[in-house]
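Taking it in order: structure first as structure tokens, then the write-up.
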Amino acid sequence: MKLVCQRHVIRDIIKYTSLISAHSRGSNLEKCFQLFAEMQRRGPQPDVVTYTAMIHACTKNKQLTMACDLFGELRAKRFDPDLVTCNSMITACEKGRQPTKALDFFADMQRHRIEPTVTTYNALISACEKGKLLEKAFELFAEMQRRCLQPCLITYNAMISACEKSKRLDKALDIFEGMEIHRLEPSAITCNALISACGQCQHPEKAEGIFLHMQQKRIQASLITYNAMINACGKGQHPEKASEWFDLMKSQSIEPDVITYNSMISACDRGSQLDKALRVLDEMHRKSIRA
């Protein structure tokens, strides 16, 4: 009889957890909490997997405080978090732009001897990159390689973005080369970040090389790509080149946005091309785009 009761409890936990996960996929956080409250009120009581599903739902909806509260509740009930729970919490911190908290959860993982995975490091590196803890991002990248964890496209994209923000173009190019050594195809996100890094370091010629690489790999250039190219040419004191990219994007039926126009005006200003800057400003006003 006792065994039958245990089976019913396990079945009910699985049913509730599955329902919570299903509503999480549909971003219905309110329904997730309703089901969770119903479990606590009527039974069976949530287990680690249920708490993890709830934390994941909060993460998806960018509710870091709620995720932290659930994690605290889990620990108060003396449940030991597993790898999936810890990864969910680190991801919640990443989405909430709280890199210090993400690192605290990582330290907690290590205290509990939970081995991190590529997913763990991806979330940590992204959290540090977004939170401008750039040196820490580089440390984590080196650490995951020491652990023989192979970086994936998400890792490389976050690292190249960190290089852009820290103006370390040589490092960004080394990381990009490392992708090719490991036969990882770059994405538009990779190339856009690398072009931006070239712009930050005033190397428009290298940005053009990346754009050519995109064409060779049949990676579609977007508004973000052209904005990065125009910005790179402007910062590199090449207003004529910026104008060429501006005309090219329009010929590709890509509509300029406020970032495009601001970058063009800045490029013309740096190149002392006042007349061109005024024409661009006039076009911007005609299209009712506000600075």
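The values are calculated or read from the model by the stated rules, or taken from the named source; none is laboratory data. Owing to the predicted nature of the structure, the values given are computational and were not obtained by experimental measurement. Please note: Cβ atoms are built from the backbone with ideal geometry, for glycine as well, and neighbour counts cover all protein chains shown. Calculation scope for accessible area: heavy atoms of the full protein, side chains included, ligands and nucleic acids excluded. Shrake-Rupley method; radii C 1.70, N 1.55, O 1.52, S 1.80 Å.
At-a-glance table
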item	result
Eligible lysines near K287 by straight Cα distance, threshold 20 Å, same-chain separation 8 or greater	K250, K276
Helix-only mean residue ellipticity at 222 nm for the chain, each DSSP H run of n ≥ 4 adding -39500 (n - 2.57), per residue, nearest 500	-24500 deg cm²/dmol
Residues of type lysines that K136 reaches as a straight line, Cα spacing below 21 Å, ignoring anything fewer than 8 places off in the same chain	K95, K101, K165, K167, K171
Charge tally in the Cβ shell below 14 Å around A277, where Lys, Arg are +1 and Asp, Glu are -1, A277 excluded	-2
Helix 2-25 axis, angle to the chain major axis (alpha carbon atoms, nearest 10°)	20
Accessible surface, per residue, of the chain when the full set of protein chains is kept, probe 1.4 Å, Å²	53
Those aspartates and glutamates that a straight Cα-Cα span of less than 20 Å connects to K130, excepting residues fewer than 8 apart in one chain	E94, D104, E139, E143, E164
Sequence of R25, R78 when ordered by accessible area, the most exposed leading, probe 1.4 angstrom	R78, R25
Carbon plus sulfur fraction of accessible area for region 147-283, probe 1.4 Å, in percent	51
Selection from C191, G178, P151 lying farthest towards where the dipole of the chain points positive, charges on Cβ	P151
Whole-Å distance, taken between Cα centres, linking region 90-129 and region 213-282	37
Ordering of 170-178, 47-55, 251-259 by packing [mean C-beta count within 10 Å, highest first]	47-55, 170-178, 251-259
Gaussian network model of the chain, springs between alpha carbon atoms under 10 Å - residue of A57, A37, A188 with greatest fluctuation	A37
